[in-house]
Amino acid sequence: MLSKRIIACLDVRDGKLAKSVRFVDTKDIGDPVSKAKEYYEDGLDELVFYDITASSEERNTMLDVVSNVAEQVYIPLSVGGGIRTVDDANRLLWAGAEKINVNSAAVKRPALIAECAHSIGTQNTVLSMDILKVEMGREFPSGYEIVINGGRTPMGIDALVWALKGEELGAGELVVNSIDADGTREGYEINLTRMIAEAVSIPVIASGGAGKPEHLYEVLTEGKADAALVASMVHFGEYTVSGLKKWLHDKGLKVRLRY
């Protein structure tokens, strides 16, 4: 059994670490570079960097911030926001990213997933999905819809259909981000995460809603996620990466501990 991963998410706006609740009421909360170093030194498995306004502002990801973060950490760094072409992806790799996250541009042009997978490798191509709970029906048989541009634009695409399409096109991992749970600290969207994890054969990263260690345990067991993404609960100092990992280890989950 592979170790479960803890991944910290750095949402960055105008070069500053930011946090929102359900993708609105975004506030600047600190420096992404210093936080990245802090989490790395505390035993973090992986870091995700999202330039949260790049897509809606139709610009590329801030390469200088990516480069500065990459210089501070020696764990996988995954970067998303504003990736519209293979050239965009390659620029991020040259800046120090190990993986790239495609989202809005891939929904608009699914071939981008295959192009990135062919150019930089499936293992380095991550499909990040922002998902909103909707009424279950013919249009949305799963009861979940894909939205883009930082949660601003509903796309009329069923989330499970899109997850399966992303895997088919060559994505090596999926980030399942529940907008309904985002920033609430009330727990991950277990049903959504489990549904997608059971349907695909690639790793699934649960995102949105982490507030206490029990939430991580729940999504990594009942939710069948391969990794849990955390933000607010570590950004505001309520928990530490090492503390969360020890708690999960003591509960019997296989995680990588730093001794």
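For Lys37, which aspartates and glutamates qualify as cross-link partners when the Cα separation must be under 14 Å and same-chain residues fewer than eight apart are set aside?
Asp45, Glu46, Glu71
Under 25 °C and 0.890 mPa s, how fast does the chain diffuse according to Stokes-Einstein, given a Kirkwood radius computed over C-alpha pairs? Answer in µm²/s, whole number.
137
What pairs in Lys133/Lys165; Lys4/Lys108; Lys99/Lys251; Lys35/Lys108; Lys35/Lys251 have C-alpha atoms more than 21 Å from each other?
Distance filter (> 21 Å) returns Lys4/Lys108; Lys99/Lys251; Lys35/Lys108; Lys35/Lys251.
Please enumerate, by chain and number, the aspartates and glutamates with C-alpha under 12 Å from the C-alpha of Lys246, excluding those fewer than 8 residues away in the same chain.
Filter leaves Asp42.
Restricting to the chain, what percent of DSSP beta bridges are antiparallel, rounded to 5?
Bridges in the chain are about 30 percent antiparallel.
What does the helix-only formula give at 222 nm for the chain: each DSSP H stretch with n ≥ 4 adding -39500 (n - 2.57), the total divided by the residues, and the result rounded to the nearest 500 deg cm²/dmol?
Result for the chain, helices only: -9500 deg cm²/dmol.
A short reminder: the numbers here are calculations on the coordinates, not readings from a lab. The structure displayed is predicted, hence computed values, not measured ones.
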